[in-house]
Amino acid sequence: MAVSVLILGGGVGGLSAAHELVERGFAVTVLEQRDVPGGKARSVEVPGSAQPPMLPLPGEHGFRFFPGFYRHVIDTMARIPAAGGGSVAGHLAAASLEMLARMGKPPIELPPHQPHSLPELRRVLRTLFGADTGLSDDDIGFFALKVWQLMTACPERALHEFENQSWLAFMDAANRSPAFNEYFVDGLTRCLVAARADKANVRAGGVVLTQLFYGMFDHSTPLDRLLDGPTSPVWITPWRTYLESRGVHFEFGRTVAAIECDGRRVTGVAAAAADGSVQQRQADHYVCALPVETTAPLITPALLQADPALAGIGRIAGDVYDMVGIQFYLPDTDVPLVHGHLSLIDSPWALTGISQRQFWPGVDFARLGDGHVGGVLSIDISDWDTPGLCFPGPGGRNLTARQCRPEQVALDVWTQLRRSLVPASGPNPLPAALPRWFIDPGVRFDPTLVANDSRLFVNLVGSWQYRPEAATAVPNLVLASDYVRTNTNLATMEAANEAARRAVNALIARSGVAAAPCAIWPLHTPEVLKPFIEADCLLWKAGLPWRGAVA
Ligand SMILES: Cc1cc2nc3c(=O)[nH]c(=O)nc-3n(C[C@H](O)[C@H](O)[C@H](O)COP(=O)(O)OP(=O)(O)OC[C@H]3O[C@@H](n4cnc5c(N)ncnc54)[C@H](O)[C@@H]3O)c2cc1C
């Protein structure tokens, strides 16, 4: 008889684990509290936005970005059949341009590919670091040195030094110019993830920065990819269909309320249904693919007896932040701002966004909502605690996003967008009137923000020591979520997928099932850097500081 596995949570981590397990002959059941899979990556239809035969407006918790360095989640997508033939990886579309928009200044446009010629390289650098940034040659030289340090430090130094340092300290922010702080300290961390320069650790931020940087010089994969339609229709729903066709059993509306343990092994799980009834569920193995803040309250003394290291989950459960999307439905006419991601680098609320319609050729906009949707502008708000532009608040400071009612959030975001996109001449590309907008109902306002059921884990300074391995010391429990220790090391779909692969590999080894392990890849290190890294390994072993040169 097949070895049975109960997967707790049906986000990217849980679905990835289900995929790897069912293809290896395990009997898989997924318990998911929502009525759909996908977790933070799912699409959310705007309630009441259409009457049949019209289709509901497409919403989401936040837009989806698949940088070129992702391998694990892309490999999984390539193994999910798409409705029209091929795989869902075929639904990844390449962006051709990234834009850093600035208030009152022309945008900086960054082609997401390697410059193909010296003149193009010069143009990119001149555009990026032009005089109107206020960045001096010294600023640019210092930033280049810090990036070089991230690229050439040995892994041990990264783990023991960068992990325990904030981005703010690493960049010597206190002694740098305001422009340096604006672009390279706050701008980089605030717009990449819901991180703060004073709290995020350098190792995690450095991974993304250097991998994105290497991506610019890699011809084989686009730096920036996104889906060619709303996430659930083009990816998550075909995934569920495929998994069900292979025998995965989904139980929706089941909230895991307890993981029971006899002090050695997990003996069962208590799952509550919507009507309040609680069911006991048993399996040979358990994969916990719940978010860190949901997992922490389930760690009981009995589980800690079986694996004392699980106490670390409680230490990092509070390291979750509000990064939340808002979608604007432009009336009648689309405004394709840039053919890729847009980062509003000096916007108070650290906005990033994407004009979706240009990437969604298969979506019949005439059938959406009231039939007058011209385009969908999807914006992520990463900073909920800095005063906005529109609404006066206590103490002479404007209201932060957290202090605003949802309609105020929408209006302030719209204002920040319009001010960041002022063209050199002519009218603002965005209409003055606030269009219809949508925020995931999982973010609750009463009247201001009181709860967010999809908070994002951020790697704070020194948090690696508390983060668990996918393979716990409990013989029949593994972890498969974005906060688990991975090479990816940043809470993303890629990390959730890598964690699931690690979890499944541990489970295979423990179950005794003869199955091939899941592939796990290291992060890319360009050959040209390897001698520098090896030289730094020698310095590290000798107790010496980084020098950035081959010995
Ligand atoms: C606004 C925003 C934008 C983002 N953009 C990107 C991006 O562009 N690219 C990228 O790679 N990553 C992005 N991320 C991060 C990425 O979405 C997450 O890291 C990833 O989806 C996490 O997957 P997961 O399976 O670990 O967790 P989750 O997605 O949180 O899945 C956990 C699942 O468990 C379920 N669950 C929770 N509690 C219970 C319970 N008690 N019982 C049963 N089920 C339960 C949840 O409903 C959910 O389905 C973004 C995140 C946010 C917030």
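Of everything listed in (1) within 16 Å of the ligand (Cβ to nearest atom); (2) free of Cβ contacts under 8 Å to residues at least 40 places away in the same chain, the single unmet condition for Ala491 is (2). Report, by residue number, each residue of the range 61-84 that is farther than 22 Å from Leu8 by Cα and touching a Pro at 6+ places or on another chain (Cβ under 8 Å). Gly68, Pro81, Ala82, Ala83, listed by residue number. Assess whether Gln327 counts as being of a type in the set (S, T, N, Q), assigned to a strand (DSSP E or B) and under 30 Å from Arg418 (Cα atoms). Against the criterion (of a type in the set (S, T, N, Q), assigned to a strand (DSSP E or B) and under 30 Å from Arg418 (Cα atoms)), Gln327 qualifies. Among strands (runs of 3 or more DSSP E) entirely within the range 1-89, having at least 1 residues that are away from the ligand (no atom under 12 Å from the Cβ) and within 19 Å of Arg254 (Cα to Cα) singles out 4-8, 27-32.
If you go through the range 329-378 and pick out every residue that is within 11 Å of Leu57 (Cα to Cα) and buried (at least 23 other Cβ atoms within 10 Å of the Cβ), you end up with 3. With (1) under 16 Å from Arg455 (Cα atoms); (2) assigned to a helix (DSSP H, G or I) as the list, and Ala302 as the residue in question, which single condition is left unmet? Result: Ala302 fails condition (1) only. Here Ser220 clears all of (1) farther than 30 Å from Leu460 by Cβ; (2) at pLDDT below 95; (3) crowded, with 19+ Cβ neighbours inside 10 Å; (4) hydroxyl-bearing (Ser, Thr, Tyr) except the condition numbered (3). Can you say whether Glu260 is open to solvent by 10 Å² or more (accessible area, probe 1.4 Å), within 15 Å of the ligand (Cβ to nearest atom), at negative phi and in a helix (DSSP H, G or I), as far as the supplied structure shows? In short, no.
Gln356 passes every criterion in (1) more than 20 Å from the chain's Cα centre (by Cα); (2) under 30 Å from Val292 (Cβ atoms) apart from (1). Taking the numbered list (1) in contact with a His (Cβ under 8 Å, 6 or more places away or on another chain); (2) more than 12 Å from the ligand (Cβ to nearest atom); (3) at pLDDT 95 or above; (4) open to solvent by less than 20 Å² (accessible area, probe 1.4 Å) in turn, Met99 passes all entries but (3). Looking only at the range 416-471, residues that are within 16 Å of the ligand (Cβ to nearest atom) and open to solvent by less than 60 Å² (accessible area, probe 1.4 Å) come to 18 in all.
Out of everything in the range 494-517 that is hydrophobic (A, V, I, L, M, F, W, C) and more than 16 Å from the ligand (Cβ to nearest atom), what residue ends up being farthest from Gly14 (Cα to Cα)? Out of the qualifying residues, it is Ala514.
Within the range 472-488, being of a type outside the set (A, V, I, L, M, F, W, C), more than 8 Å from the ligand (Cβ to nearest atom) and out of contact with any Cys (no Cβ under 9 Å at 6 or more places or on another chain) holds for Pro475, Asn476, Arg485, Thr486, Asn487, Thr488.
The values are calculated or read from the model by the stated rules, or taken from the named source; none is laboratory data. The structure presented is a predicted model; accordingly, all values stated were derived computationally and were not measured. Please note: Cβ atoms are built from the backbone with ideal geometry, for glycine as well, and neighbour counts cover all protein chains shown. What goes into the accessible areas is simple: the full protein's heavy atoms, side chains included, and nothing from ligands, DNA or RNA. Shrake-Rupley method; radii C 1.70, N 1.55, O 1.52, S 1.80 Å.
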